Amino acid sequence: MEPFRALASSDRAMDHIDVSQLVPVADFETEALEFLPNVARYARLLTRDQADADDLTQDTFLRAYEKWSTYRPGTDCRKWLFTICRNLYLRNRDRAKRFVSEEDATSELRATGELYERAAANGLKNLFDHIDIGPALKRSIGELLPEYREAVLLVDIEDYTYEEAASTVGVPIGTIRSRLFRARRRLQQSLLEHARDLGFSLAAETSSAHEEVAS
Amino acid sequence: MTIPEGAFMSCQHVVRQLWDYLDNELDDDVRRRVREHLDICAHCREHFTFEGAFLRAVASHLDDAADTATLRARIVGALNLEGYRSS
């Protein structure tokens, strides 16, 4: 039995976790993860967007895990988690208001890379070539916040350059880039979840996917 | 981002250029170096192929232009009331 375990091996925030602070899983699980439904509800209330809420909830637990040594057992863990959640939300919101940094685009790219690795590991390399993802894709784009949807419409459907899209919307190019990258990552995430929910035939996908050989 | 001049790009650098590359937003030099990497790195090549398929799926499934025939008739009808005559 492994005594220590990372929360989500594929998450980008894992980069910042100091291994020396890892704590036995049992405590964190019974004390903190117990309140996941409460934190998820709180995050949904703050963000009013399901995907943002999921991200915020995940970030909250990753941060809580990172700071677990500062939590005093026996005190109100739910309140402690809510405070983390709220601070992360406010910080993200303020940052989004002030400027959209190059860092955001880079972290979206990293998350997109992780999604690909997950898809590949599950034999879903050909997922986007399937004709039947159309309805799921339309639904997913409908769930995006308007500014993300706008970036996808202008660049992916109208074939605008980043610069043209930025001047149409009246924001800096960096903002369009990070909105676009984020929207794409969200759409891919939804499609992968959709494929999983359908119990996409992983074996069939894997056998049909031919491996390319590096020269 | 700083990439050493003339150096072979690492997978990490290449992945950071993913969307800019697929969206044709890179200048010629960087584009060529990404291309050189993809030519010999099967992993990145497959990743870029996957993302390219995604962009094609978005473009083809979200193109609703065909849905506007009814709307066009309605608008032309309204224009007609304003004196518009289509040729």
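Quick notes on this one:
- Model label zone, A:D129; criterion: amide N under 17 Å from point 7 Å along Cα-to-beta-carbon; scope region B:20-51: B:42-51
- Over region B:11-81, the reciprocal of the mean inverse Cα-Cα separation, the Kirkwood hydrodynamic radius, stands at 14.9 Å.
- Pair A:R44, A:D27: separation of 7 Å Cα→Cβ label points (nm): 3.1 nm
- Per-residue HN-Hα couplings for region A:146-152 [Karplus 6.51, -1.76, 1.60; θ = phi - 60°; Hz; x = Gly/Pro]: x, 5, 6, 4, 4, 4, 5
- Least to most buried among A:I176, B:I75 (fewest other Cβ within 10 Å first): B:I75, A:I176
- Residues of region A:148-166 with an amide N closer than 19 Å to a point placed 7 Å from the Cα of B:A78 along the Cα-to-Cβ direction: none.
- Residue by residue along A:121-129, Cβ atoms of other protein chains within 10 Å of the local Cβ number 3 on average.
- For the segment A:74-84, counting C-beta atoms of other chains within 10 Å of every residue's C-beta and taking the mean gives 0.
- Each of B:C11, A:C77, A:C85 was scored by other Cβ atoms within 10 Å of its Cβ. Arranged with the fewest first, they read B:C11, A:C77, A:C85.
- Computed label-point distance, nm, for sites B:T49 and A:E34 using a 7 Å Cα→Cβ extension: 5.0 nm
- What the Cβ-Cβ distance of B:S10 and B:L71 gives, at R0 = 51 Å and to the nearest 0.05, is a FRET efficiency of 0.55.
- Per-residue Karplus couplings for region B:75-83, computed as 6.51 cos²θ - 1.76 cosθ + 1.60 with θ equal to phi - 60°, are listed in order as 5, 4, x, 5, 5, 4, 5, 8, x Hz, Gly and Pro entered as x.
- Percent of Cα pairs exceeding the 21 Å cut-off, where the set is region A:94-173: 45 percent
- Rounded to whole numbers, the Karplus 3J(HN,Hα) couplings from phi for region B:14-20 are 5, 5, 5, 9, 2, 6, 4 Hz, using 6.51 cos²θ - 1.76 cosθ + 1.60 with θ = phi - 60°, and x at Gly and Pro.
- A Cβ-based charge dipole, computed about the Cα centre of region B:11-81 with Lys and Arg at +1 and Asp and Glu at -1, lands at about 200 debye.
- For GluC sites (Glu not before Pro), the sites in region B:22-82 that DSSP calls loop and that have at most 11 other Cβ atoms within 10 Å are B:E82.
- In this label model, A:R86 and B:L26 are separated by 4.6 nm, measuring between points 7 Å along each Cα→Cβ vector.
Values quoted throughout were computed directly from the atomic coordinates according to the rules given, and no laboratory measurement underlies them. A quick note: this is a predicted structure, and the numbers were derived from the prediction, not measured. Positions of Cβ are generated from backbone atoms using ideal geometry, with glycine treated the same way; all protein chains shown enter the neighbour counts.
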